[in-house]
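Remarks on the structure that follows.
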Amino acid sequence: MPGQCVIGLQWGDEAKGKLVDLLTEGKDLVVRYQGGANAGHTVVIGDDVYKLHHIPSGIINAGVLNLITPGVVINPPTILKEINSLAERGIDVSTRMKISQRAHVVMPWHVLEDKMWNELVSGEDNIGTTLRGIGPCYADKIGRSFAIRMGDLIQPDFADRVRKIVAVKKKVLSATSGDQVVELDPDAIVAEYTEYAAQLASMIADTNRILLDAVDEDRNILFEGAQGSLLDIDHGTFPFVTSSNSSGVGISAGSGVPGNWIQEVIGVTKSYATRVGGGPFPTEQDNDHGQHIRDMGNEYGTTTGRPRRCGWFDAVAARYTARLGGVTSVALTMLDVLSELETIAVCVAYELNGERIDHFPAHVNELRNLVPIYETMPGWQTDVTGARSLDDLPANAVRYARKLESLIGRKIEYISVGPDRAQTIHIQKRESLEEYLKGKYV
Ligand code: GDP
Ligand code: IMO
Ligand code: MG
């Protein structure tokens, strides 16, 4: 059984958590392979709402082993808080999860750096990070000399290493912080992180071994992407991206499974578009349309609570990320959010410097200058939150989904009409929206 993966096709918050929870049934392992506590994944099962930042969304299902692999950056106090809050709800994470020794640790100086670098860059150049220390931690990972991995926390030279790193960090941070005092006490940090390591000890493991054994044994493995493909460090809307490979290309590198073993990639996309933080957003509707979507979709960040920027579906961007990620099918989410609209616009191409283009440009200045070319679709103005099959959807809702499917170039396999696990339509592999529409409405 080849690996199944869930990735976001936009700028994050596409409802990956919901899909992962849904697909966890029948899986042996669920794997988070990149990002860190910048993610906020929501799982809703009846009245139970779980907001997960660090821990894979497979954690709610007993009998599934959850792995956090080398490509993730770990914030020990944050993950411990999450473990404890799940324990209060009867979920014993320690028996269901392993964290890679190779995963890098977000240290207190990384959070300070994130804040400082953000303050140094203002206006439209500001990335607007989640301030979780993600970028600085990944920067130290690539730089190597000042990095700390989970496995280092229990080594005899840990205290020594922290002292050496703090000495350098203090110099660098003091030079940029002006009169502000940089509070980094190496002894206190060593004591604190040694305690975290003791609490996490039973979960720290060599996940590469576990995963490669699972591949050899043909186990069912689900990979959970964080962020979205347009936030990918190499292939996204740079520099307004996160610091990991959050598109499909990151699965193999972040987890340690061979790339040719990944054969099923489900790309999750909202029925419209959102983005949190700075950066170009060609179809943004900074107007009543955008506010309507924000209100209907409750579009406020799961991690930071910031209002999400909202806009129309961008099919050029989604086609790009579906191709980039080797997407084999699509999960279209939040269809219910559009239910009150009379008409819905979809961006089918762009105009750049007076010319029509149908590809996603690479440079931020080009991205900023794009003028979307829209096609307008009629809405359905019917509540769809109770739909459980295509037959329950109004024809115009199916037509809208079919339009997006043909523009993205990948089959829609799931349609989500509400946050709950149950509010999902599964379109069987042999079914086709086109045939369905022909049979029923033409
Ligand atoms: P993730 O980061 O991709 O896991 O997504 P988030 O959890 O950050 O954001 C998705 C939000 O939408 C959460 O509050 C979900 O409970 C909610 N949600 C998921 N699917 C649907 C849907 O089909 N309709 C509506 N209205 N909300 C949904
Ligand atoms: P999930 O997994 C939405 C955004 C931040 C910022 C940029 C860089 O819930 O979809 P960072 O803190 O990573 O350096 O911030 O990336 N961002 C997200 N936006 N969903 C996420 O995760 C995000 N994780 C980071 O808002 O614009
Ligand atoms: Mg989220």
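Among D295, D358, D314, which is the only one that is assigned by TED's automatic domain parsing to the domain that holds Q428, more than 25 Å from H41 (Cα to Cα) and modelled with pLDDT of 95 or more?
From the options D295, D358, D314, the qualifying one is D358.
Identify, please: which residue in the stretch 30-50 is open to solvent by less than 10 Å² (accessible area, probe 1.4 Å) and either farther than 20 Å from V276 by Cβ or free of Cβ contacts under 8 Å to residues at least 40 places away in the same chain (or both) and is, among those, farthest from the chain's Cα centre (by Cα)?
V30
State the number of residues belonging to the stretch 225-244 that are near ligand 2 (Cβ under 8 Å from one of its atoms) and β-branched (V, I, T).
Matching residues across the stretch 225-244 total 2.
Hey, among K141, K164, which residue is surrounded by fewer than 17 Cβ atoms within 10 Å (Cβ to Cβ) and at pLDDT 95 or above?
Answer to the check: K164.
Look through V337, V330 and report the one residue that is open to solvent by less than 20 Å² (accessible area, probe 1.4 Å) and within 16 Å of ligand 3 (Cβ to nearest atom).
Answer to the selection: V337.
Please work out if I148 is within 16 Å of ligand 1 (Cβ to nearest atom) and crowded, with 21+ Cβ neighbours inside 10 Å.
no
Would you mention how many residues in the stretch 133-151 are within 11 Å of ligand 2 (Cβ to nearest atom) and either outside the structural domain of Y193 (by TED's automatic domain parsing) or free of Cβ contacts under 8 Å to residues at least 24 places away in the same chain (or both)?
The total comes to 0.
Starting from the stretch 405-430, keep only residues that are modelled with pLDDT of 95 or more, then list their pairs with residues that are charged (D, E, K, R) whose Cβ atoms are within a distance under 6 Å, requiring at least 6 positions of separation or different chains.
I408/R319; G409/R319; I412/E405; V417/D336; G418/D336; I427/E413
Could you tell me whether any residue of the stretch 296-310 is assigned to a helix (DSSP H, G or I) and in contact (Cβ under 8 Å) with a residue 12 or more places away in the chain?
yes
What are the pairs, 6+ residues apart or on separate chains, where a residue within the stretch 324-338 that is touching a residue at least 12 places away in the same chain (Cβ under 8 Å) and closer than 14 Å to W312 by Cα has its Cβ under 7 Å from a residue that is more than 15 Å from ligand 1 (Cβ to nearest atom) and not in a strand (DSSP E or B)?
These pairs meet every condition: L338/G379.
If the Cβ limit is 9 Å and pairs must be 6+ apart or interchain, which residue in the stretch 76-98 that is in contact (Cβ under 8 Å) with a residue 12 or more places away in the chain and farther than 10 Å from H54 by Cβ pairs with which residue that is in a loop (DSSP other than H, G, I, E, B) and open to solvent by 60 Å² or more (accessible area, probe 1.4 Å)?
Going by the 9 Å Cβ cut-off, the qualifying pairs are L86/D92; I91/A62; R96/A62; R96/G63.
Just the residues that are surrounded by fewer than 19 Cβ atoms within 10 Å (Cβ to Cβ), away from ligand 2 (no atom under 13 Å from the Cβ) and either under 18 Å from P419 (Cβ atoms) or among the basic types (K, R) (or both), please, taken from the stretch 51-91.
Matches in the stretch 51-91: N61, K81, R89.
Got a number for residues in the stretch 402-428 being away from ligand 2 (no atom under 16 Å from the Cβ), buried (at least 16 other Cβ atoms within 10 Å of the Cβ), farther than 13 Å from S339 by Cα and not acidic (D, E)?
15
Restricting to the stretch 1-15, give me the number of residues that are open to solvent by 10 Å² or more (accessible area, probe 1.4 Å) and within 16 Å of ligand 3 (Cβ to nearest atom).
Residues in the stretch 1-15 being open to solvent by 10 Å² or more (accessible area, probe 1.4 Å) and within 16 Å of ligand 3 (Cβ to nearest atom): 4 in total.
Is it the case that the stretch 239-254 has a residue that's in a helix (DSSP H, G or I) and out of contact with any strand residue (DSSP E or B) (no Cβ under 9 Å at 6 or more places or on another chain)?
Yes, the conditions are met somewhere in the stretch 239-254.
Using beta carbons and a limit of 9 Å, which pairs, at least six apart or on different chains, have the first residue in the stretch 241-257 and without any contact (Cβ under 8 Å) to a residue 40 or more places away in the chain and the second one assigned to a loop (DSSP other than H, G, I, E, B) and among the hydroxyl-bearing types (S, T, Y)?
Listed by first residue and then by second, the contacts come to S252/Y33.
What number of residues in the stretch 377-390 are surrounded by fewer than 21 Cβ atoms within 10 Å (Cβ to Cβ) and closer than 26 Å to T24 by Cα?
Residues flagged as surrounded by fewer than 21 Cβ atoms within 10 Å (Cβ to Cβ) and closer than 26 Å to T24 by Cα within the stretch 377-390 amount to 6.
Across the stretch 179-234, what is the number of residues that are part of a loop (DSSP other than H, G, I, E, B) and within 16 Å of ligand 3 (Cβ to nearest atom)?
So the count comes out to 5.
Would you say G254 is in the same structural domain as G409 (by TED's automatic domain parsing), open to solvent by 40 Å² or more (accessible area, probe 1.4 Å) and more than 26 Å from H359 (Cβ to Cβ)?
Here the answer is no, as G254 does not meet what is asked.
Which ones in the stretch 92-123 are among the polar types (S, T, N, Q), under 30 Å from R209 (Cα atoms) and surrounded by fewer than 22 Cβ atoms within 10 Å (Cβ to Cβ)?
The answer is S94, T95, Q101.
Report those helices (runs of 4 or more DSSP H) wholly inside the stretch 76-143 carrying at least 1 residues which are among the hydroxyl-bearing types (S, T, Y) and closer than 23 Å to A226 by Cα.
Fully inside the stretch 76-143 and qualifying: 76-88, 134-143.
The values are calculated or read from the model by the stated rules, or taken from the named source; none is laboratory data. These numbers were taken from a predicted model, which means no experiment stands behind them. We place every Cβ from the backbone using ideal geometry, glycine too, and count neighbours over all the protein chains shown. Just so you know, the surface numbers come from the protein's heavy atoms only, side chains and all, with ligands and any DNA or RNA stripped out. Shrake-Rupley method; radii C 1.70, N 1.55, O 1.52, S 1.80 Å.
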